[in-house]
Amino acid sequence: MPVVTAKSYVEFRNDAYWVEGTRISIDSVVYAFRSGASPESIVQSFPLLSLEQVYGAITFYLANCAEIDAYLAAEEAAFDAMPQPLRTADPALYSKLMAAKGARSQVGA
């Protein structure tokens, strides 16, 4: 009988976590999962992922929740610290985006 080996679903490369073998960040899967999306609906949003990969990414997140939450918070802080040229180029659009971000944060809290 062949020996079954454990699969890896998430890899760390270029200072970020990715669903292994894809260009889809674990951030995308985690944010969808945190907002209440089912694994099946996440697959619909990211058709390049299989249901197995989504479950694997969610399992990785749940097993490393504190570390991944800290990683996501650091990524958000780094993004917020970046200059936002849209703020001056299109203030109305910038305001809409910030309002949407605020609404998303309240849902996740």
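The values are calculated or read from the model by the stated rules, or taken from the named source; none is laboratory data. Computed from a predicted structure; not experimentally measured. Counting neighbours? That spans all protein chains shown, and the Cβs are built from the backbone with ideal geometry, glycine included.
Being modelled with pLDDT under 95 and of a type in the set (S, T, N, Q) is the filter; apply it to segment 7-24 and report the residue that is nearest to the chain's Cα centre (by Cα).
It comes out as ASN14.
Going through GLY56, GLY36 one at a time, which residue ends up being of a type outside the set (Val, Ile, Thr), farther than 20 Å from ARG104 by Cβ and out of contact with any Asp or Glu (no Cβ under 6 Å at 6 or more places or on another chain)?
After ruling out the rest, the residue left standing is GLY56.
So, in segment 32-54, of the ones that are in contact (Cβ under 8 Å) with a residue 24 or more places away in the chain and buried (at least 16 other Cβ atoms within 10 Å of the Cβ), which residue ends up nearest to LYS101 (Cα to Cα)?
Step by step, filter segment 32-54, then rank; the result is PHE33.
Here is a list: VAL10, VAL4, VAL29. Which entry is surrounded by fewer than 18 Cβ atoms within 10 Å (Cβ to Cβ) and β-branched (Val, Ile, Thr)?
VAL4
Does segment 1-33 hold any residues that are closer than 18 Å to ARG104 by Cα and aliphatic (A, V, I, L, M), and which are they?
Selection gives ILE26, VAL29, VAL30, ALA32.
For GLU40, indicate whether it is of a type in the set (D, E, K, R), under 21 Å from ASP15 (Cβ atoms) and modelled with pLDDT of 95 or more.
Answer is no for this residue.
Quick check: is even one residue across segment 69-81 surrounded by 18 or more Cβ atoms within 10 Å (Cβ to Cβ) and either touching a residue at least 60 places away in the same chain (Cβ under 8 Å) or closer than 14 Å to THR22 by Cβ (or both)?
Within segment 69-81 (the criterion being surrounded by 18 or more Cβ atoms within 10 Å (Cβ to Cβ) and either touching a residue at least 60 places away in the same chain (Cβ under 8 Å) or closer than 14 Å to THR22 by Cβ (or both)), the answer is no, since none of the residues qualifies.
Find the residue count for segment 5-35, including only residues that are of a type in the set (A, V, I, L, M) and part of a loop (DSSP other than H, G, I, E, B).
2
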